[in-house]
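This report refers to the structure that appears directly beneath it.
The values are calculated or read from the model by the stated rules, or taken from the named source; none is laboratory data. Note that the coordinates shown come from a computational prediction; the quantities given were computed from them, not determined experimentally. With ideal geometry, Cβ positions are generated from the backbone for all residues, glycine too; neighbour counts draw on all protein chains shown.
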């Protein structure tokens, strides 16, 4: 009986520490979409990837479907997909514009999305058609709160 009690205590402790880890990796100077993509803006150029929270929920990424360079992307529209051992999930663009570069590394190393979601695991670079769209995205504090509320529902 005592060992069962200990096991459930250990499980609840682990759940708390895992949840906490999910919220710790939000980068301050990025903008976030409610579909769990991030965007890093320099002028009218934007780098797009999926968040640490998203990769954590997906599990081990085994394949990333990338768009063609030159493809048009629309804010909120799907431009590719991430396939993990658990599920396949669309990737939506947080901004509208034209794809000017794709992360070729992801073809051979899709796990970069898990290991380095904000650095080496970026997905596309976009030349934005309008920076006005950025106002509809969340900052890091809003996104952290959004993730906490979303996880509380599940």
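Do we find that residue 52 is over 16 Å from residue 125 (Cβ atoms), surrounded by fewer than 19 Cβ atoms within 10 Å (Cβ to Cβ) and out of contact with any strand residue (DSSP E or B) (no Cβ under 6 Å at 6 or more places or on another chain) in this structure? Full working, then the answer.
Details: over 16 Å from residue 125 (Cβ atoms): yes; surrounded by fewer than 19 Cβ atoms within 10 Å (Cβ to Cβ): no; out of contact with any strand residue (DSSP E or B) (no Cβ under 6 Å at 6 or more places or on another chain): yes.
Here the answer is no, as residue 52 does not meet what is asked.
Conditions first: (1) under 24 Å from residue 140 (Cβ atoms); (2) modelled with pLDDT under 95. Residue 51 passes all but one, so which condition is the exception?
Here residue 51 clears every test but (2).
Which residues, taken from the range 72-98, are surrounded by 16 or more Cβ atoms within 10 Å (Cβ to Cβ), free of Cβ contacts under 8 Å to residues at least 40 places away in the same chain and within 18 Å of residue 39 (Cβ to Cβ)?
82, 89, 96
Exactly one of these conditions fails for residue 72: (1) farther than 28 Å from residue 148 by Cβ; (2) within 13 Å of the chain's Cα centre (by Cα). Give me its number.
It is condition (2) that residue 72 fails.
Condition first: over 15 Å from the mean Cα position of the chain (by Cα) and in a strand (DSSP E or B). Now tell me which residues in the range 39-56 satisfy that.
41, 42, 45
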